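Novice: First the structure, then my questions, so here it is.
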Amino acid sequence: MSLSKRLYLGLISVLSLVFLGTVWINVVNTSHFIDRQLESNAQDTATSLGLSIAPFVGIEEEMATIDSMVSAIFDSGYYQHVILTNSDGSVMLERHNPIELDQVPQWFIQLFPLNPPMAETEVFDGWVKPKTLAVMSHPGFGYLKLWHSAVNSFWMILGLFVFAGTLVFFVLRTITTPIKRAAKQADEICQGNFVQVSDIPKPVELNLFVKAMNRMSHILQKMFNDLSEQTEKYQKYAFVDELTQLSNRRAFNNQFSSLLSDQEQAHAGYLIIVRLMSLDAINKANGYVAGDNYVLEATKALKETIKQTPEDRIIKAYRLTGGEFAILVDDDDKSQCQQLIESLMSRFQESAFIVNDATGDAISGKSLACIGATLYEVNGELGTIMSMADNALVAAQEAQAGWAFSSDSSLPQGSNKWKDELEHILNQEQVSFVAQDICDVDAKVVYQELFARFTGKEDTNTIPVGKLVRVAERLNLAVQLDQMVISKALALVADKKKEFAINVSAASLKARSFSHWLINQIESHSDIAELITFEINEESLNYHADNVLELLERLKALGCKITIERFGASTSSFAHLMRIKPTHVKIDGSYCLQVEKSPENQLFIQSLTNIAHSLNITVIAEMVETPSQAEQLQTLFVDYYQGYGIKKPEAI
């Protein structure tokens, strides 16, 4: 029970006791007063009546007169008994009026009884022994007066009671409302919302209390902002090239190693190396400022080319060394890769970088840059792939077009074949699941992540999920694929009654129709909503922030949990935490794979966990492959772990 309710009930209890006690004492005192009044009235009546009938007592013929005189007084109804007795105790005259009260409740009569005494007086007849006249007042009028007095007292005191109770309520609300606001403010601060209470109470103590809470909130917000800003600056310093603002070689090594190690997604695509052929010559002939301008011109062409590619194609650019760039294309369709290279080379042709303004010397095309590309697949060796890309660069320098693929790059797959495979999977709803544990340091499972498994139309070999998703996006079938997988996953959760995580692709998240469909699905499965965690790739927030934020808010309102995966892959990561407030964040595996050898990765992960914990968000490390990685991550205060070194995915 809340403090305000306790205080209010306590004060109401006290007021109730005061109310009942006051009514009781008032009625009891009134009853005693009425008893005395009845006694006095009876005595006065007995005395006066005795004196009135004294001349007629002893004369037998005058008994009718005595009877008339007694009746005249008794018939007024104020008396219960009038008895005239002889000296020997025999009754000469008696009148009795029974107690009949219709206007006074019986329980009131029993609770507050009136006991009027019998008043007596002696009536003398000369020297003869006196007669005795006894008179008892009728309590009916006393009860009626006492009842009216009790009712009037009840309503008056009740009015005072209600007034006092209302006054207590407002006084308590004046006290407890600021306390409740401060408690809510403290809870909001725990959630990372550093709110300020604008309605400052006037009582001095409460005024000081609320202002102190506001100061604390302001200081914590500043500390949090400083920590987030410092972490983002360090992330840029460690993983972003200062001149071009592209990711640097350290980031390339982290993320490319992560792609090659991701057994679940089984990534396959192309590594493209761009080499600026004239950088050394420009640096020597015109100085490093001209060389930097040359690099920036090439970077501009590179960024503009990537920007013009469709959103569903995952393409990332890095600056490896002074005049060398790397592009990772997460798509093994050679024709798509070739189209990107040709667009980039065409952009280089158009750039025509002017080396010297005075002479007008310019370079473009192959003299500006050469491009080499090679295929990569999961489990590939980074060194081997880089060597193949270098060989392609050598060939590009000899080629007229200025670009070349390595000799073992695959041929493009046929779109019709993949479309047939997808349509078969969608029509047959042919999907199965495996689950991988996400555990804490004591191997306690917090939830399991579901991974879909698809088999080919003509054979039983499992199709790599990453390949199928990319093809689905290219053929505009990603939403249908996600809907089929999620429907099956929800049925599985309903059957197993266990906590599972379901992945949602970025291509589906940009479609509002998918968001409406997903909300309807969760509403129809409201009994299992608390068992579902949706994992959203951080990349989708960069392209479809409005749609994703609206969807996540509604999912959280329905009871679902949210995990932002691949966290840290971009420099805008921390801005998403404040807006979304997910249940968990999953550190991008590129940081975890290199965590033992890279102080930069360690510092970033520790900063991330500090910020996430300050927002009451738990941190998950993915792609944990070795016990030593888990031990290192534990020292960085990571909450949960996932990876083949923890537990491999198992069929359900």
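The values are calculated or read from the model by the stated rules, or taken from the named source; none is laboratory data. On a predicted model such as this, the values are computed, not experimentally measured, just so you know. A quick note on method: Cβ atoms are made from the backbone with ideal geometry, for glycine too, and the neighbour counts reach across all protein chains shown.
Novice: Would you please name the residue that is surrounded by the most Cβ atoms within 10 Å (Cβ to Cβ), looking only at residues in the stretch 258-274 that are under 21 Å from TYR644 (Cβ atoms) and of a type in the set (Gly, Ala, Ser)?
Specialist: It comes out as SER258.
Novice: In contact with a His (Cβ under 8 Å, 6 or more places away or on another chain) and either at pLDDT 90 or above or surrounded by fewer than 16 Cβ atoms within 10 Å (Cβ to Cβ) (or both) - does that describe any residue in the stretch 630-637? Break it down stepwise before answering.
Specialist: The initial filter retains those residues of the stretch 630-637 that are in contact with a His (Cβ under 8 Å, 6 or more places away or on another chain), namely 637.
Next, from what is left, pick out any that are either at pLDDT 90 or above or surrounded by fewer than 16 Cβ atoms within 10 Å (Cβ to Cβ) (or both): 637.
Checking the stretch 630-637: at least one residue is in contact with a His (Cβ under 8 Å, 6 or more places away or on another chain) and either at pLDDT 90 or above or surrounded by fewer than 16 Cβ atoms within 10 Å (Cβ to Cβ) (or both).
Novice: Of the residues ALA511, ALA529, ALA501, which single one is touching a strand residue (DSSP E or B) at 6+ places or on another chain (Cβ under 6 Å) and of a type in the set (Gly, Ala, Ser)?
Specialist: So the residue among ALA511, ALA529, ALA501 that is touching a strand residue (DSSP E or B) at 6+ places or on another chain (Cβ under 6 Å) and of a type in the set (Gly, Ala, Ser) is ALA501.
Novice: Using the structure shown, decide if ILE564 is buried (at least 18 other Cβ atoms within 10 Å of the Cβ), more than 30 Å from THR626 (Cβ to Cβ) and β-branched (Val, Ile, Thr).
Specialist: no
Novice: Additional query: Go through (1) under 22 Å from SER387 (Cα atoms); (2) among the hydrophobic types (A, V, I, L, M, F, W, C); (3) modelled with pLDDT of 90 or more for ILE315 and report which single condition fails.
Specialist: (3)
Novice: Here are some conditions: (1) surrounded by fewer than 24 Cβ atoms within 10 Å (Cβ to Cβ); (2) within 25 Å of the chain's Cα centre (by Cα); (3) more than 21 Å from PHE239 (Cβ to Cβ); (4) not small (Gly, Ala, Ser). LYS648 meets all but one. Which one does it not meet?
Specialist: (2)
Novice: Six or more apart or on different chains, Cβ atoms under 8 Å: show the pairs whose first residue is in the stretch 624-652 and under 22 Å from LEU450 (Cα atoms) and whose second is surrounded by 15 or more Cβ atoms within 10 Å (Cβ to Cβ) and among the basic types (Lys, Arg).
Specialist: GLN642/LYS586
Novice: Please state which one of PRO201, PRO116, PRO139 is buried (at least 18 other Cβ atoms within 10 Å of the Cβ) and farther than 30 Å from ASN97 by Cβ.
Specialist: PRO201
Novice: Could you tell me which of the residues LEU541, LEU531 is surrounded by 18 or more Cβ atoms within 10 Å (Cβ to Cβ) and over 27 Å from LYS307 (Cβ atoms)?
Specialist: LEU531
Novice: Would you check which residues across the stretch 161-196 are over 20 Å from the mean Cα position of the chain (by Cα) and surrounded by 14 or more Cβ atoms within 10 Å (Cβ to Cβ) and list them?
Specialist: Correct list: PHE161, ALA164, GLY165, VAL168, PHE169, LEU172, ILE175, THR176, THR177, PRO178, ILE179.
Novice: Same structure again: I'd like the full set of residues that are surrounded by 15 or more Cβ atoms within 10 Å (Cβ to Cβ) and over 15 Å from GLN185 (Cα atoms), limited to the stretch 204-226.
Specialist: Residue satisfying the conditions is PHE224 alone.
Novice: Tell me, which strands (runs of 3 or more DSSP E) lie completely within the stretch 324-366 with 1 or more residues that are assigned by TED's automatic domain parsing to the domain that holds ASP280 and modelled with pLDDT under 85?
Specialist: 353-356, 361-363
Novice: Given the options GLN43, GLN37, GLN110, GLN103, name the one that is modelled with pLDDT of 80 or more and within 29 Å of TRP155 (Cβ to Cβ).
Specialist: GLN37
Novice: Residue under question is THR22, and the condition is that it be surrounded by 16 or more Cβ atoms within 10 Å (Cβ to Cβ) and either closer than 28 Å to GLY159 by Cβ or modelled with pLDDT under 75 (or both); does it hold?
Specialist: Values: surrounded by 16 or more Cβ atoms within 10 Å (Cβ to Cβ): yes; either closer than 28 Å to GLY159 by Cβ or modelled with pLDDT under 75 (or both): yes.
Considered against the rule, which asks whether it is surrounded by 16 or more Cβ atoms within 10 Å (Cβ to Cβ) and either closer than 28 Å to GLY159 by Cβ or modelled with pLDDT under 75 (or both), THR22 comes out as yes.
Novice: Follow-up question, since we're still on this one. I'd like to know if the stretch 49-65 contains one or more residues that are touching a residue at least 40 places away in the same chain (Cβ under 8 Å) and among the polar types (S, T, N, Q).
Specialist: no
Novice: Residue by residue through the stretch 52-67, note down the ones that are aliphatic (A, V, I, L, M) and surrounded by 13 or more Cβ atoms within 10 Å (Cβ to Cβ).
Specialist: Selection gives ILE53, ALA54, VAL57, MET63, ILE66.
Novice: Ok, one more. Here are some residues: THR177, THR166. Which one is at pLDDT 80 or above and hydroxyl-bearing (Ser, Thr, Tyr)?
Specialist: THR166
Novice: Please name all residue pairs, on different chains or six or more residues apart, with Cβ atoms under 8 Å, provided the first residue is in the stretch 544-569 and is in the same structural domain as LYS233 (by TED's automatic domain parsing) and under 26 Å from LYS233 (Cβ atoms) and the second residue is modelled with pLDDT under 90 and in a strand (DSSP E or B).
Specialist: none
Novice: Another question, if that's okay. It is to be established whether one or more residues within the stretch 243-256 are loosely packed, with under 15 Cβ neighbours inside 10 Å and either more than 21 Å from ASP390 (Cβ to Cβ) or among the aromatic types (Phe, Trp, Tyr) (or both).
Specialist: Yes - at least one qualifying residue is present in the stretch 243-256.
Novice: Consider the stretch 260-285. How many of its residues are touching a helix residue (DSSP H, G or I) at 6+ places or on another chain (Cβ under 8 Å) and within 17 Å of VAL624 (Cβ to Cβ)?
Specialist: 5
Novice: Kindly list the number of the only condition in (1) touching a strand residue (DSSP E or B) at 6+ places or on another chain (Cβ under 7 Å); (2) part of a loop (DSSP other than H, G, I, E, B) that fails for LEU633.
Specialist: Just one mismatch for LEU633, condition (2).
Novice: Now for a different question. Which one is surrounded by the fewest Cβ atoms within 10 Å (Cβ to Cβ) among residues in the stretch 579-626 that are over 26 Å from the mean Cα position of the chain (by Cα) and of a type in the set (D, E, K, R)?
Specialist: LYS597
Novice: Sticking with this one: Kindly indicate whether VAL70 is surrounded by fewer than 12 Cβ atoms within 10 Å (Cβ to Cβ), over 28 Å from VAL151 (Cβ atoms) and assigned by TED's automatic domain parsing to the domain that holds GLY142.
Specialist: no
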